[in-house]
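The values are calculated or read from the model by the stated rules, or taken from the named source; none is laboratory data. All figures in this text were calculated on a predicted structure; none of them were measured in a lab. When we count neighbours, we look across all protein chains shown, and the Cβ atoms used for this are built from the backbone with ideal geometry, even at glycine. For accessibility, only protein heavy atoms count, side chains too; no ligands or nucleic acids. Shrake-Rupley method; radii C 1.70, N 1.55, O 1.52, S 1.80 Å.
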Amino acid sequence: LTKAYTKRYFLDRLPTEVAYARRHLTPLSLLMLDVDHFKKVNDVHGHPAGDQVLVAIASSIAAALRTEDIFARYGGEEFAVVCRGVELENAARLAERLRAVVEAAVIEYQGLRIPVTISVGVASYVDQPEAAVELVAAADRALYEAKRGGRNRVVKAGPKQAPSAG
């Protein structure tokens, strides 16, 4: 539907990207994007309108990415972008650019304009045994912080907190 890679492809490819970053000592960042209030789009306008929104968002995002970035649909209205050679601050700038592109997009279905925004969580690779899993978890935590913070925003993952002594 969206012409983005599948979640399976993303999950197969991410460990390879982490291994590349580890071997070449290069940065690697992950953006997790979620369409804000997507259920409302489907409830108000119907599922075909929701599909049109997803296609339009995916097209807008894909057009703003580099060829080497991996753009995948992670879930129903959630997408992931793997950015090889991009450190956290630049990944956050990219995320903000994608957020603005989606917010400015004119998405119409049956003559009605459907305004849409996204929330984005951004995380960067840290060399550790479970780096791929932790990268997804960190980006996901940042995404949900963006949602809790009011949506239509970008949040960078901070360093993972060590467990406190008890």
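A few points about this structure:
- Taking every DSSP bridge with both residues inside segment 13-166, close to 85 percent are antiparallel.
- Charge dipole magnitude, Cβ of K and R +1, D and E -1 - segment 1-63, Cα centre, debye nearest 20: 280 debye
- Average silhouette area of segment 46-100, convex hull of alpha-carbon atoms, in square nanometres: 4.0 nm²
- Think of a 1.4 Å ball rolled over the protein heavy atoms: segment 14-166 then has 51 Å² of accessible area per residue.
- By the equivalent-ellipsoid construction on the alpha carbon gyration tensor, the chain comes out with semi-axes of 29, 17, 13 Å, ordered largest to smallest.
- Peptides 37-49, 121-133 ranked from most to least packed by the mean count of surrounding Cβ atoms within 10 Å: 121-133, 37-49.
- Over the C-alpha atoms of segment 1-72, the Rg to Rh ratio, Rh being the Kirkwood estimate, stands at 1.08.
- Mean sequence separation of contacting Cα pairs (under 8 Å, at least six apart), scaled by the length of the chain, corresponds to a relative contact order of 28 percent.
- Cα-based helix-to-principal-axis angle, 7-24 vs the chain, degrees rounded to 10: 40 degrees
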